[in-house]
Amino acid sequence: MTIEQNKLMQLELRIRELELENNALNDRVEEIMLFGLISETLEEINNQDLLLASVLEKISILKGVSFCGCYEFKNNELKNLGAYCAFLTLGSYDGLVEPSEVLKGLVLKDSIIRFEYADHPDYITFKSSMARFLPQQVVIFSFRTRSIDNGIFLFMDDAKSSNVFNGDLFLLQQIIRMITDKWDRINLMNELQQMNLVLEDRVSERTLELSRINSRLVREMQLHEVTDRQLKESEEKYRQLFNMANDAIYLWELNEENNVIGCLESNKTASLMTGYSGSELKQMTPNELMTPEYRSRGLNEITKLKQNNGYSFKVSHLKRNGAEIPVEISARMFMMNGKKVMLSIVRDITESKEYEQKLIHAKEKAEEADRLKSTFLANMSHEIRTPMNAIIGFGEILKQNDINNKDMRVYTDIIFKNSLHLLSLINDIVDFSKIEANQVNIVLAEWNINQMLHDLQINAVSLLHNYSKTGIELMLETPLDESKATIQTDGMKLQQVLSNLISNAIKFTNKGFIKIGYRLINDNTLEFCVIDSGIGIDKQAHDSIFERFVQIKEKSTFNLGGTGLGLAICRNLVQMMGGYIRLESDKGQGAAFYFTHPYRTIRKGVPPLQKSQHS
């Protein structure tokens, strides 16, 4: 063999190798395409029959398998599940292929059977329609699924075509496994759907039954809710009435001998009234709440309660802080939950006691006022008759013709003084009546208090002369300059107050001094004073001295007269002008009356309601 022939042979061998590699590559590409198409079919089709027909057709076309079929052995018969033949167009492939009993036995033993048809022509019998189809190689795969116990896939190639089963059968195995897995999934889904339908039917039946039960339960629950709500409302109503009661409420437990053994319950008012907490009260008895002097009485009252089944009595309770409070207890016995109990309602009667005391005091005050009024009327009849008798008597004397001028002046002077005294009595009565009727108005105007006090000092000198009192020093204190002494006030009312106080000082002072004046307490307040060294006023009378109809009755003052209204008028007028009046005195040590007055100058005061200048 020449070198050229050798090279030519090597080249031919290489070409054959390349052809084999190319054929293998083509087979691999075909297998990948077939695998991909079948995978798509498995994903797209969920009907078992359509899926089988589509897969068998694709295997036949892409793999070049002339006949592809799927069968089930059932009751020793071969049932056609699906088939495809490249050479035939039949509506049905039932009975087209009939395996022999020998082949059936082999199929039941082995999972894969591959044989040459020419070697075993008796294994398979064909119908006449398959006369022009001559198989070369036969491959059978057995399988099992959830619905098929014994099934086979039958593949046959045509003797006229190339042998398609000489290679590996792995691809066909994988495809058959994919088909059977898909069938199992489809069957499983069908079973699940069927089970779901059955379950839905059962659920519907159960739902209907539960609906009936639920409706019954709803009615029962609604009835229970109504009952429960009514019970809660009743309990809440009782609880609110129990805790919101203004009186303390106790529920005491009694033993067989009807002795209190403890507190079952108490309301909030009981804790507020006594200062003990609810848990502390549960450890106590009624006697422990009473003051010592009432404890024996409390036992007696409880004994009466046992006899009468209901009883009310008054005692004093001792609070936790030691304070005593008067209370009224209403109690009653009854049975509750098989226990003998005593209901006690305790009312704090402190206000009632205070009100009772106020009524007693008001009654005493009214009786005192009535007594004073009677005394006042008796005094008035005396006070008015005395000057009137003098006026009338000396008036009758003046009618006589034999009176000399000297006597006439004396009688005229007596008539004049008694007329002034009578006028003063009438003025006091009229002024106090206006005050009582709230008919006194304060009219502000500009008044010079220095000049006012100076005029009052002159009047006091005249009054001392009228009372024939000598040796009494009149002192005047006016600390403000004239520029600051003009204030806004009701001058007539202020003069009336000062005049009444000065008149009283002159009445009850026989020697010593009388001081009239004022001082500036602060930028907004003046304090006027009338101080004397007279008989003084007992400290016990300080609270009543400013009351109406009250007079100091001393032997030395018995004949001084008066209505008992002067200081009452002073107090009311001072209050109306925005001040207050007070007294510093003791018996035998003189008296000092002080009263305050707003200091409103022209510069900083309010505009006057009435303009009049007194200076």
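What the table below lists for this structure:
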item	result
Residue within region 176-189 that is surrounded by 14 or more Cβ atoms within 10 Å (Cβ to Cβ), modelled with pLDDT under 85 and assigned to a loop (DSSP other than H, G, I, E, B) present	no
Residues within region 250-265 that are open to solvent by less than 20 Å² (accessible area, probe 1.4 Å) and touching a residue at least 40 places away in the same chain (Cβ under 8 Å), tallied	4
Candidate set from region 233-249 (those that are outside any helix (DSSP H, G or I) and either of a type outside the set (A, V, I, L, M) or more than 21 Å from Asn337 (Cα to Cα) (or both)); member that is most open to solvent (accessible area, probe 1.4 Å)	Asn246
Answer from Gln230, Gln194 - the residue that is closer than 30 Å to Lys339 by Cβ, open to solvent by 100 Å² or more (accessible area, probe 1.4 Å) and assigned to a helix (DSSP H, G or I)	Gln230
Residue within region 294-309 that is modelled with pLDDT of 80 or more, open to solvent by 100 Å² or more (accessible area, probe 1.4 Å) and assigned to a helix (DSSP H, G or I) present	no
Residue within region 17-28 that is surrounded by 15 or more Cβ atoms within 10 Å (Cβ to Cβ) and either of a type outside the set (Gly, Ala, Ser) or modelled with pLDDT under 80 (or both) present	yes
In region 459-493, the residues that are surrounded by fewer than 17 Cβ atoms within 10 Å (Cβ to Cβ), polar (S, T, N, Q) and not in a loop (DSSP other than H, G, I, E, B)	Asn459, Ser462, Asn466, Ser483
Cross-chain or 6+ apart pairs with Cβ under 7 Å, region 459-486 first and of a type in the set (Phe, Trp, Tyr), then surrounded by 13 or more Cβ atoms within 10 Å (Cβ to Cβ)	Tyr467/Ile506
Matching residues, region 45-62, being in a helix (DSSP H, G or I) and touching a helix residue (DSSP H, G or I) at 6+ places or on another chain (Cβ under 6 Å)	Gln48, Ser54, Val55, Lys58, Leu62
Considering residues of region 266-281 that are crowded, with 19+ Cβ neighbours inside 10 Å and either acidic (Asp, Glu) or touching a strand residue (DSSP E or B) at 6+ places or on another chain (Cβ under 6 Å) (or both) only, the residue nearest to Asn243 (Cα to Cα)	Asn267
Filter result (over 24 Å from His597 (Cβ atoms) and modelled with pLDDT of 80 or more) within region 535-560	Ile535, Gly536, Asp538, Lys539
Of residues in region 329-361 being open to solvent by 70 Å² or more (accessible area, probe 1.4 Å) and under 16 Å from Asn255 (Cβ atoms), the one nearest to the chain's Cα centre (by Cα)	Asn337
Which numbered condition Asn522 misses (of (1) open to solvent by less than 40 Å² (accessible area, probe 1.4 Å); (2) within 60 Å of the chain's Cα centre (by Cα); (3) over 16 Å from Arg582 (Cβ atoms))	(1)
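A quick yes/no check of all residues on (1) of a type outside the set (S, T, N, Q); (2) within 19 Å of Phe528 (Cβ to Cβ); (3) not in a helix (DSSP H, G or I):
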site	(1), (2), (3)
Arg409	yes, no, no
Asp413	yes, no, no
Ser419	no, no, no
Glu446	yes, yes, yes
Gln457	no, yes, no
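The values are calculated or read from the model by the stated rules, or taken from the named source; none is laboratory data. Just so we're clear, the structure is a prediction, and the values are computed from it rather than from any experiment. Note that each Cβ is placed from the backbone with ideal geometry, even for glycine, and that neighbours are counted across all protein chains shown. These accessible areas exclude ligands, DNA and RNA; they are computed on the full protein's heavy atoms, side chains included. Shrake-Rupley method; radii C 1.70, N 1.55, O 1.52, S 1.80 Å.
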